[in-house]
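We did not get these values from a lab; they are worked out from the coordinates using the rules stated. This one's a predicted model, so the numbers in the text were calculated from it and none came from an experiment. Here the Cβ positions follow ideal geometry from the backbone for every residue, glycine too, while neighbour counts run over all protein chains shown.
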Amino acid sequence: MNDSGFGSFVAGLVIGGLIGAAVGLLLAPESGEEMRGKVGEFVDERTRDLGDAVSEGKAAAEQARTAMLAALQRDTTTESPAEESAN
């Protein structure tokens, strides 16, 4: 499989963003209760976003799988007898 590194780049970007946001939240001058509330909201939002991204990825993978299987099925059913004897 040919990996262009794009997935690694995106993963690094997401992780870096999360770390930066967490540090920003921790260094902000707020009370502990306010900070816990913001951190909880932040984590809930990111968890929801991650779940949505995973669901979209699964749906795209399933769609690609279905298309590949359909193409394979078409290729195997349209092969002529001359092509079959050559293989």
Full extension between LEU27 and ARG65 adds, at 0.36 nm per residue less the Cα distance, a length in nm of 9.1 nm
Run the numbers for ALA11 and ASP49: contour at 0.36 nm per residue of separation, minus the present Cα-Cα distance, in nm. 12.3 nm
Summed over the other residues with a beta carbon less than 14 angstrom from that of THR66, with K and R at +1 and D and E at -1, the charge totals +2
Per residue of the chain, what 222 nm ellipticity follows from adding -39500 (n - 2.57) for every DSSP H run with n ≥ 4, rounded to the nearest 500? -30000 deg cm²/dmol
Add +1 for every Lys or Arg and -1 for every Asp or Glu among the other residues with Cβ under 15 Å from the Cβ of GLU41, and state the total. -2
Which of the GluC sites (Glu not before Pro) found in the range 2-43 are in a DSSP loop and have at most 14 neighbouring Cβ atoms, other than their own, within 10 Å? GLU30
